[in-house]
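Asker: There's a structure below that I have some questions on.
The values are calculated or read from the model by the stated rules, or taken from the named source; none is laboratory data. This one's a predicted model, so the numbers in the text were calculated from it and none came from an experiment. Please note: Cβ atoms are built from the backbone with ideal geometry, for glycine as well, and neighbour counts cover all protein chains shown. For accessibility, only protein heavy atoms count, side chains too; no ligands or nucleic acids. Shrake-Rupley method; radii C 1.70, N 1.55, O 1.52, S 1.80 Å.
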Amino acid sequence: MKKKVIVYVLAVIALLLAACGKSTAEKWQEQYDLGQQYLLEEKYEEAIVAFTAAIEIDPKQADAYIGRGDAYILSGETEEILALALADYQTALELDGTKTAAYLGIADIYVSQGDYSSALEVLETGLSQVNESSALDEKIQEIQELIQENSAEESSSGESSTEAADSGANSPFEPSDGSLGGTLAVRDFSYEYLEGGVESGGVIFGEGRMHIFCTIEGPENLRGIAIYVSDDLAALQGSELEEIVAARLQTPYDTYEEQPPFTFEEDIEIYLEDSGLTLYVLLIGVDEAGNAVDYAIFPVEVPDIAPEMEGVEGEDYFTLF
């Protein structure tokens with residue numbers, strides 16, 4: 001690696017000398033364009049040299065850091081290379097927080113390291129900073145599908161422990177079938193949309209309802225299941241999860257006298273504005289003392305109910321506790 005660094009330095013010096021006599025902007029553009037050309041030609045080491053020269057000419061241009069980060073990644077995903085690329089993408093965002101490519105680059109690095117939560121968190125930050133967010137939205141969807149696929153593969157492997165953990169932090173169960181996070185042992189999760197809202201205290205909430213059904217298999221110390229519904233998956237998979245669970249357990253939830261397995265059923269009210277959305281159902285396992293033991297997250301696709309409900313005025317979004 002030291003030998004390569006020396007070669008890079010000498011090459012950068014040569015490029016800088018060749019650019020003498022031109023304006024700073026012209027010099028930068030020339031090296032940046034050269035780096036992009038090398039990327040297209042899959043000459044990644046040469047691209048790194050060109051982008052480094054551009055950075056030396058004008059270190060305030062975010063695009064050169066993004067280009068060099070891309071070249072690092074394409075040259076080989078070693079731990080050292082990933083660290084260099086991550087530093088470049090982060091520098092680019094410090095210079096310009098609207099650079100979509102930098103958010104995508106950082107997310108890809110986290111995904112390659114198996115850190116899906118951090119990848120989603122970075123992309124959500126990008127969505128709040130970038131006006132055009134289609135690429136970020138697509139990447140979020142891609143990661144969510146990857147999480148689901150990995151969870152399904154782990155579940156189908158059949159490698160699960162038969163002993164229950166004392167707390168959710170060390171649960172021995174494999175992630176539940178179809179779950180997007182958590183390891184609460186849930187089987188046969190299913191749902192169906194039904195007409196008519198949910199009745200509570202003589203009042204009907206929602207234009208329709210989603211009937212949730214599943215079997216809770218463990219851990220053995222479970223004595224209750226709390227449900228929380230959101231359209232924000234990133235919040236359920238990020239740092240907000242602990243706060244959400246704590247708040248949810250302050251309100252009533254279903255309790256059971258027997259040990260798992262037991263069936264769980266619930267109706268979630270659906271409003272007109274939920275039509276066509278993906279909602280995420282958080283199932284929280286609770287022990288006898290009222291402590292959260294484990295959790296699982298399942299996506300629920302709301303059908304397009306708008307044509308059926310034409311002329312009906314929807315209510316504000318309501319989350320069932």
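Asker: So which pairs qualify, if the first residue must be in segment 88-106 and in contact (Cβ under 8 Å) with a residue 24 or more places away in the chain, the second must be surrounded by fewer than 18 Cβ atoms within 10 Å (Cβ to Cβ) and among the small types (Gly, Ala, Ser), the Cβ gap must be under 6 Å, and the two must be at least 6 apart or on different chains?
Answerer: That search, which allows pairs on different chains as well, returns Thr100/Ala135.
Asker: Here is a further query. Would you mind stating whether Tyr295 is at pLDDT 85 or above, among the aromatic types (Phe, Trp, Tyr), within 28 Å of the chain's Cα centre (by Cα) and open to solvent by less than 30 Å² (accessible area, probe 1.4 Å)?
Answerer: Numbers: at pLDDT 85 or above: yes; among the aromatic types (Phe, Trp, Tyr): yes; within 28 Å of the chain's Cα centre (by Cα): yes; open to solvent by less than 30 Å² (accessible area, probe 1.4 Å): no.
Here the answer is no, as Tyr295 does not meet what is asked.
Asker: Considering each residue of segment 37-67, count those that are open to solvent by 40 Å² or more (accessible area, probe 1.4 Å) and within 26 Å of the chain's Cα centre (by Cα), and give that number.
Answerer: 1
Asker: Right, another one. Is at least one residue of segment 157-174 assigned to a loop (DSSP other than H, G, I, E, B), modelled with pLDDT of 65 or more and in contact with an Asp or Glu (Cβ under 8 Å, 6 or more places away or on another chain)? Steps first, please.
Answerer: So the first thing to find is which residues in segment 157-174 are assigned to a loop (DSSP other than H, G, I, E, B), and the list is 157-167, 171-174.
So of that shortlist, the ones also modelled with pLDDT of 65 or more come out as none.
Within segment 157-174, none of the residues are assigned to a loop (DSSP other than H, G, I, E, B), modelled with pLDDT of 65 or more and in contact with an Asp or Glu (Cβ under 8 Å, 6 or more places away or on another chain).
Asker: Related question: Before we move on, is Gly224 over 27 Å from the mean Cα position of the chain (by Cα) and open to solvent by less than 20 Å² (accessible area, probe 1.4 Å)? Full working, then the answer.
Answerer: On the way: over 27 Å from the mean Cα position of the chain (by Cα): yes; open to solvent by less than 20 Å² (accessible area, probe 1.4 Å): yes.
Yes, satisfied.
Asker: Going through segment 247-273 one residue at a time, which ones are open to solvent by 60 Å² or more (accessible area, probe 1.4 Å) and touching a Ser or Thr at 6+ places or on another chain (Cβ under 8 Å)?
Answerer: Pro261, Thr263 - these are the residues of segment 247-273 that are open to solvent by 60 Å² or more (accessible area, probe 1.4 Å) and touching a Ser or Thr at 6+ places or on another chain (Cβ under 8 Å).
Asker: Right, next: Which condition does Ile244 not pass, out of (1) over 14 Å from Gly285 (Cβ atoms); (2) outside any strand (DSSP E or B); (3) open to solvent by 70 Å² or more (accessible area, probe 1.4 Å), if it passes all the others?
Answerer: Failing condition for Ile244: (3).
Asker: Continuing with this model, one more query. What are the pairs, 6+ residues apart or on separate chains, where a residue within segment 255-272 that is without any contact (Cβ under 8 Å) to a residue 40 or more places away in the chain has its Cβ under 6 Å from a residue that is open to solvent by 10 Å² or more (accessible area, probe 1.4 Å) and in a loop (DSSP other than H, G, I, E, B)?
Answerer: Partner pairs satisfying both residue conditions: Gln259/Glu220.
Asker: Return a yes/no flag: does segment 263-278 have any residue that is assigned to a loop (DSSP other than H, G, I, E, B), of a type in the set (Phe, Trp, Tyr) and under 24 Å from Phe205 (Cα atoms).
Answerer: Within segment 263-278, the subset assigned to a loop (DSSP other than H, G, I, E, B) is 271, 275-277.
Restricting the remaining residues to those that are of a type in the set (Phe, Trp, Tyr) gives 271.
Now restrict to residues that are under 24 Å from Phe205 (Cα atoms): 271.
Yes, the conditions are met somewhere in segment 263-278.
Asker: Please work out if Ile216 is closer than 24 Å to Leu194 by Cβ and in contact with a Pro (Cβ under 6 Å, 6 or more places away or on another chain). Full working, then the answer.
Answerer: Numbers: closer than 24 Å to Leu194 by Cβ: yes; in contact with a Pro (Cβ under 6 Å, 6 or more places away or on another chain): yes.
Yes; evaluated as a whole, the condition is true for this residue.
Asker: May I ask you to list pairs of residues, at least six apart or on different chains, whose Cβ atoms are under 7 Å apart, with the first in segment 190-202 being at pLDDT 85 or above and the second being open to solvent by 70 Å² or more (accessible area, probe 1.4 Å) and of a type in the set (Asp, Glu)?
Answerer: Correct list of pairs: empty, since none qualify.
Asker: When the residues of segment 92-103 are filtered to those that are open to solvent by 40 Å² or more (accessible area, probe 1.4 Å) and either at pLDDT 95 or above or in a helix (DSSP H, G or I) (or both), which remaining residue is nearest to Val130 (Cα to Cα)?
Answerer: Kept after step one, since they are open to solvent by 40 Å² or more (accessible area, probe 1.4 Å), are these residues of segment 92-103: 94-96, 98-99, 101.
Within this subset, residues satisfying the condition of being either at pLDDT 95 or above or in a helix (DSSP H, G or I) (or both) are 94-95, 101.
Working: Glu94: 14, Leu95: 14, Ala101: 11 Å.
Out of the qualifying residues, it is Ala101.
Asker: Show me the strands (runs of 3 or more DSSP E) found entirely inside segment 177-233 where at least 2 residues are under 22 Å from Gln148 (Cβ atoms). I'd like the intermediate steps shown before the answer.
Answerer: Working: elements: 185-195, 198-200, 203-205, 208-218, 222-230.
Ranges flagged: 185-195, 208-218, 222-230.
Asker: Could you grab me the full set of residues in segment 269-291 that are more than 20 Å from Glu199 (Cα to Cα), aliphatic (A, V, I, L, M) and within 21 Å of the chain's Cα centre (by Cα)?
Answerer: Leu277, Leu279, Leu282, Leu283, Ile284
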